[in-house]
Every structure is written in structure tokens, then in C-alpha cells.
1. From the backbone phi of the range 84-93, what are the Karplus-calculated ³J(HN,Hα) couplings (6.51 cos²θ - 1.76 cosθ + 1.60, θ = phi - 60°) in whole Hz, Gly and Pro given as x?
2. I'd like the FRET efficiency for GLN29 and LYS94, computed as 1/(1 + (r/R0)^6) with the beta carbon distance as r and R0 of 41 Å, rounded to 0.05.
3. When the helix-only estimate is applied to the chain (DSSP H runs of n ≥ 4, each -39,500 (n - 2.57), divided by the residue count), what is the mean residue ellipticity at 222 nm, nearest 500 deg cm²/dmol?
4. Can you work out the Karplus-derived ³J(HN,Hα) for every residue in the range 76-82? Use 6.51 cos²θ - 1.76 cosθ + 1.60 with θ = phi - 60°, whole Hz, and x for glycine or proline.
5. So if I take the centroid of the Cα atoms in the range 73-97 and the same for the range 1-41, what is the distance between those two points in Å?
6. Amide H neighbours of PHE75 under 5 Å, counting only residues 5+ apart in sequence or on other chains, H built in-plane at 1.01 Å?
7. Give me ASP78, ASP6 ranked fewest to most by other Cβ atoms within 10 Å of their Cβ, as a rough exposure proxy.
8. So what J values fall out for the range 120-130 if you push phi through Karplus, 6.51 cos²θ - 1.76 cosθ + 1.60 with θ = phi - 60°, rounded to Hz, Gly and Pro as x?
Amino acid sequence: MKIIVDANIVYSGILNSNGKIGDLLINSQKYFKFIAPEFLRHEIKSKYEKIARASGMSIESVMETEYLVCKDINFISDEQINDEFWHEAFDLVKDVDLKDIHYVAFAKQFKCKIWSGDKRLIAGLKDKGFDKALTTGDLVEIRAKK
């Protein structure tokens, strides 16, 4: 099952690699194929210091944990997404949060679901008939059934 991973999931996985999210990202490669926009990799790197302060880890530990958490995520460039999906994604997120356009466009392109901890995004998309968002609890359940 292909799943688009959003930024808050990756950050949570780095901040607590021993928690549910970290476990799912690190130990689910035989159940899920994780995909994320390439920009997410750069966004994480730009926030190493903030993550280190929040977690109490050194920058080196943040980098090691990032590798562990992200090693099974396939990062894909925006250029691989068809224009029609960018337009559809814009319509879905324009009054929810435009920063989430990538995740919706990727989900449409790859015909898969989005894993997010953003309750506002999930509710906003659902209100518009887009029910392809999963919570961490959903993924724990799906993996347990496999």
C-alpha cells in the first residue's frame, strides 16, 4: 500500500523514534511504501537546530535519527506530478491550508492515501469529499491486520 507521508509525521518520527510514528516509519517497509515530496527532505535539514532544541538531541543525533526514520521513504520531485493534479489539489486545500497542496497532489498522482497528524487538514479534505487521509491510529490498525 502506497502512502504519502506529510511533514508533521516525519518531524514526530524524528522527535520520538521509539514512539508509534517512529515505529511505523522504521518497521513497516513490508506493509507500506512511503512516499514524500522532495522538498520535505530540505525542510527537515533546515530545521535541524529547532528539532535538536525541542528534543534535547545533538545535531548529529538528529541527523542519525532522520536517516533512520526516512530511509524507507521514497522522496519524489514535484516535476513528476501532472498539472491536472496540482489544480485539483489547489481546489481541495485553498481554504484549508495551501502548504498541504503537495501531499494532496501526490496522493492524486499516485492514487494513494495521505498519512497526516493534521486534524484540520483531514477534516477539511473530508468535508470536500476527499477521504484519502489516514491517521497514525489508522496505520497501526492496518499494519496489525496484515
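1. 3J(HN,Hα) across the range 84-93, in whole Hz: 4, 6, 5, 5, 5, 5, 4, 4, 6, 10.
2. Efficiency at R0 = 41 Å is approximately 0.75.
3. Details: 9 runs with 85 residues, N = 146.
Value at 222 nm, helices only: -16500 deg cm²/dmol.
4. 10, 6, 4, 4, 7, 9, 5
5. The range 73-97 and the range 1-41 have Cα centres separated by 19 Å.
6. Residues meeting the criterion, in which the H sits 1.01 Å from N, are ALA36.
7. The order, fewest Cβ neighbours first, is ASP78, ASP6.
8. 5, 5, 4, 5, x, 5, 4, 4, 9, x, 9
Only the coordinates and a few stated rules stand behind these numbers; no lab work does. If you're wondering where the values come from, they're calculated on a predicted model, not measured in any experiment. Every residue, glycine among them, receives a Cβ derived from its backbone with ideal geometry; neighbour counts consider all protein chains shown.
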